[in-house]
Amino acid sequence: MNDVEQAITRAHREEWAWVVATLTRRFGDLDIAEDAAADAFAAALERWPADGVPPNPGAWLTTTANRKAIDRIRRESKRDDKYKEAQMVYGDHPPEPLGAIDDDRLRLMFTCCHPALAMESRVALTLRMVGGLSMPEIARAFLVQETTMGQRITRAKAKIKAARIPYRVPSTGDLPARVSGVLAVLYLVFNEGYLASGPDTDPVRDDLTTEAIRLTRLLRALMPEDGEVAGLLALMLLTEARHTARVSASGELVPLDEQDRGAWDATLIAEGHRLVRERLAAAAAGAAPGRYQILAAISAVHTSVRDIRDTDWSQVVALYDQLSRLDASPIVAMNRAIAVAELDGPDVALAAIDRLEDKLADYHAYHATRADLLRRLGRSSESRAAYDKAIGLVGNTAETAYLNRRRDQLQ
Amino acid sequence: MRYLVSVIDDKSNPGSTDRQPAISAFNERLIAEGHWVFAGGLADTDAATVIDNRGEQAMFSDGPFVESKEYLAGIWVWEAPDLDVALELATEASKVCDRKIEVRPFQ
């Protein structure tokens with residue numbers, strides 16, 4: 001890749017959201033903003049190799065996109081004058097009243113992650129409008145046809161327009177709930193990358209985890225005071241730090257207790273730990289931590305020791321206790337039981353796990369956890385049956401390989 | 001921006017029948033805050049008649065256009081600057097009416 005191509009790639013990564021967000025405010029229309037942003041980047045591809053990279057690529061792209069948008073509106077208005085009028089009227093409106101924080105990219109995130117849109121639409125729209133991923137990239141990421149993904153995004157944009165979903169940062173009162181909606185979208189993207197589902201996909205999708213971290217970093221820069229944003233970023237970084245150690249050369253999932261801790265990414269861990277310490281200080285000063293902060297703290301406990309035998313399991317259990325008070329889900333109870341196994345033994349943990357059967361019978365990790373505890377208790381045939389159930393339900397190729405090996409090693 | 005706000009009841013699990021005073025108070029507030037355009041409760045779906053005059057002769061049929069467990073029990077038309085405002089009001093309306101609410105924008 002030559003210098004100009006690199007500059008365009010960098011500009012796309014750094015400026016796409018800004019260009020789309022600025023144009024959306026100016027023209028009040030996501031379609032126009034998206035098309036004009038794409039036009040501007042196409043123009044950069046054409047012009048920058050000949051004219052050189054402009055000193056301020058962001059400003060060049062925004063100006064070009066603005067001009068492209070106006071061209072487009074003029075062209076389309078020949079077919080439909082009313083359309084033009086509507087656009088011009090909307091564009092002349094004074095800016096929306098300011099919410100808690102004023103940044104167009106933040107407005108864009110809140111619009112794309114609006115609770116009136118279906119979750120899958122929020123994910124697709126966020127990756128397209130804020131992340132700048134192309135339609136084929138998003139379709140590939142979620143294993144759906146390009147046309148299906150295209151329709152999903154088109155429908156979401158049409159609803160935003162028809163129902164007038166506002167382009168605004170929510171008021172302070174609504175902010176925590178709406179931020180948690182944005183975080184849920186980003187976490188879903190990350191998790192789909194981290195434990196990709198589907199028999200024909202790579203077990204870890206770096207493109208998705210990288211994108212989720214990038215967007216969460218952006219949100220962190222825009223909302224530096226928000227504890228849950230910091231918590232989610234820390235959680236992602238501490239998870240991502242372990243990713244090379246998590247899948248073996250033969251494509252098998254490596255559980256935490258067997259991972260080569262020397263292969264963990266020390267830089268990501270240091271950054272994650274810094275964020276967790278920041279939130280611990282805030283908690284000491286009276287701020288109640290939310291679920292992402294607690295999950296990040298659990299990750300920090302695991303990533304603080306070089307040898308799994310040094311893990312402070314009582315701390316892990318205490319954090320899960322704190323988490324269960326916020327989120328009484330059976331999955332939290334299951335993860336707590338896994339830590340309890342290290343502290344009080346696999347028999348105590350198994351009793352706790354068995355109480356969750358009603359709720360988790362269709363969840364592969366429930367059976368995998370049971371299988372492991374039964375194995376440690378020497379109950380081989382029950383363990384084998386549990387591994388079989390887990391293998392029947394699991395969707396990730398690396399995890400299937402790991403479970404198969406564990407089952408076949410049983411005496 | 002105008003929104004059609006539908007109150008949806010369920011024949012197999014109807015909402016409580018003592019909501020009228022609360023709904024009246026809520027309507028007063030909608031009027032005071034400039035959101036109220038129109039409101040009305042509807043008679044039972046059995047009282048509906050469907051007319052189809054697309055063919056040679058008008059056809060009348062007894063009952064609603066679609067039979068379902070869930071049905072439209074009443075409507076509002078609200079004026080609101082955007083969907084967030086409409087959804088906030090609808091969230092309250094659902095409690096006030098003890099029923100599900102659908103918010104749908106006019107074109």
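The values are calculated or read from the model by the stated rules, or taken from the named source; none is laboratory data. Keep in mind the model is a prediction, meaning the values are calculated, not measured. Quick reminder, even Gly has a Cβ in these numbers, built from the backbone with ideal geometry, and neighbours come from all protein chains shown. Surface areas here come from the heavy atoms of the whole protein model, side chains and all, with no ligands, DNA or RNA. Shrake-Rupley method; radii C 1.70, N 1.55, O 1.52, S 1.80 Å.
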| Given the residues B:80, B:90, which is the only one that is closer than 23 Å to residue A:169 by Cβ, in contact with a strand residue (DSSP E or B) (Cβ under 7 Å, 6 or more places away or on another chain) and more than 9 Å from every other protein chain (Cβ to nearest Cβ)? | B:90
| said: Out of the residues in the stretch B:93-107 meeting the condition of being out of contact with any strand residue (DSSP E or B) (no Cβ under 7 Å at 6 or more places or on another chain) and more than 13 Å from chain A (Cβ to nearest Cβ), tell me which one is nearest to residue B:33 (Cα to Cα). | reply: B:96
| said: Taking the conditions exactly as written (in contact (Cβ under 8 Å) with a residue 24 or more places away in the chain and of a type in the set (Asp, Glu)), does residue B:70 satisfy them or not? | reply: yes
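For every residue, the table says whether it meets (1) of a type outside the set (D, E, K, R); (2) not in a helix (DSSP H, G or I).
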site: A:1; (1), (2): yes, yes
site: A:6; (1), (2): yes, no
site: A:12; (1), (2): yes, no
site: A:17; (1), (2): yes, no
site: A:22; (1), (2): yes, no
site: A:25; (1), (2): no, no
site: A:34; (1), (2): no, no
| query | What about residue A:354, is it over 25 Å from residue A:316 (Cα atoms), over 26 Å from the mean Cα position of the chain (by Cα) and acidic (Asp, Glu)? | reply | no
| message | Please return the ranges of helices (runs of 4 or more DSSP H) entirely within the stretch A:144-263 where 1 or more residues are of a type in the set (Lys, Arg), crowded, with 20+ Cβ neighbours inside 10 Å and in contact with a strand residue (DSSP E or B) (Cβ under 9 Å, 6 or more places away or on another chain). | response | A:243-246
| query | How many of the residues making up the stretch A:214-244 are more than 20 Å from residue A:13 (Cα to Cα) and touching a Lys or Arg at 6+ places or on another chain (Cβ under 7 Å)? | reply | 4
| the stretch A:113-149 - residue that is within 14 Å of another protein chain (Cβ to nearest Cβ) and among the hydrophobic types (A, V, I, L, M, F, W, C) and, of those, nearest to residue A:216 (Cα to Cα) | A:113
| said: Are there strands (runs of 3 or more DSSP E) fully within the stretch B:33-107 with at least 1 residues that are open to solvent by 80 Å² or more (accessible area, probe 1.4 Å)? List them. | reply: B:36-41, B:49-52, B:59-62, B:100-105
